[in-house]
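Heads up: the structure comes next, in structure tokens.
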Amino acid sequence: MRTEMTTKNEPEAQTIPLQQGESFQFRCHSGVSCYLDCCHKLELRLYPYDILCLKEKLLCSSGEFLERYTRLGTGVHPYFPAVMLNMVESDDAPCPFLTEKGCSVYMDRPSACRTYPLERGVEKAGHGAKLQSHYAVVHHGYCKGHDEKNHYTIKQWKRGAIKSAVFSIIRCITAYLSVRVVSLKEKQKVIIRVCRPFI
Ligand code: SF4
Ligand code: SF4
């Protein structure tokens, strides 16, 4: 499986398939010895939703964001290139949003950072077949989060990631609508309509 986020100069990460109901062991927090090690030398793919949240956070246009922070990479599909986040040009090549205190865009961080170490692949077995999701846990050797005692099922991990994504979506929509000076009631209506599928 191709992972959403890979680290250059590291041995290939292990991807361990996970079935619905199975749990995996993981916790990331500021007390781990590897804290922020993973925010360097990344091949990090961005999705349209990531770009929308980040450009709102950074108060710039999508065009400015793409020009300043990204490059085109090879996508999963040959006709669908990927947008890759550029790392800072230096020996340890940190993510441009990394500060001494941690991630400066934490609430609006890209999906790959948000859902790590869980990854999802989608399969369509044939014409008319339903999409089927497959999940796997990515295990990089340097990441000590896998040694922590907390256990999560796919459902529990997704719930946490979705919750923070919904807050991010609400912030994006509010910022977008503020520019258009619509009333509070109209803003609430749009937010409820957009977020209903996630709640
Ligand atoms: S966006 Fe934040 S969490 Fe993701 S790699 Fe950059 S600094 Fe780390
Ligand atoms: S536990 Fe893993 S995800 Fe968390 S800071 Fe360490 S390397 Fe990064």
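Structure notes:
- Whichever residue in the stretch 106-126 is under 22 Å from HIS77 (Cβ atoms) and without any contact (Cβ under 8 Å) to a residue 40 or more places away in the chain and, among such residues, is surrounded by the fewest Cβ atoms within 10 Å (Cβ to Cβ): GLY126
- Within the stretch 105-153, being out of contact with any Cys (no Cβ under 8 Å at 6 or more places or on another chain) and of a type in the set (Phe, Trp, Tyr) holds for TYR106, TYR135, TYR152.
- Criterion applied to THR153, THR115 was being within 14 Å of ligand 1 (Cβ to nearest atom), of a type in the set (Ser, Thr, Tyr) and at pLDDT below 95, and the one residue passing it is THR115.
- Members of the stretch 120-148 that are among the charged types (D, E, K, R) and within 13 Å of ligand 2 (Cβ to nearest atom): LYS144, ASP147, GLU148
- Top-ranked residue of the stretch 118-143 - restricted to ones that are more than 16 Å from ligand 1 (Cβ to nearest atom) and charged (D, E, K, R), ranked as modelled with the lowest pLDDT: LYS124
Residue-by-condition table, conditions (1) within 15 Å of ligand 2 (Cβ to nearest atom); (2) at pLDDT 95 or above; (3) over 17 Å from the mean Cα position of the chain (by Cα):
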position: LYS57; (1), (2), (3): no, no, no
position: TYR69; (1), (2), (3): no, yes, no
position: HIS77; (1), (2), (3): no, no, yes
position: ALA82; (1), (2), (3): no, no, no
position: CYS95; (1), (2), (3): yes, yes, no
position: ARG109; (1), (2), (3): yes, no, no
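- Those residues of the stretch 9-29 which are surrounded by 10 or more Cβ atoms within 10 Å (Cβ to Cβ), farther than 30 Å from LYS101 by Cβ and of a type in the set (Gly, Ala, Ser), in sequence order: SER23
- Only one of VAL88, VAL32 that is touching a residue at least 60 places away in the same chain (Cβ under 8 Å), within 16 Å of ligand 1 (Cβ to nearest atom) and either more than 14 Å from ARG109 (Cα to Cα) or surrounded by 13 or more Cβ atoms within 10 Å (Cβ to Cβ) (or both): VAL32
- Within the stretch 66-85, tally of residues that are touching a residue at least 12 places away in the same chain (Cβ under 8 Å) and within 15 Å of ligand 1 (Cβ to nearest atom): 5
The values are calculated or read from the model by the stated rules, or taken from the named source; none is laboratory data. Because the structure is predicted, anything quoted here is derived from the model rather than measured. Glycine also receives a Cβ, built like all others from the backbone with ideal geometry; neighbour counts cover every protein chain displayed.
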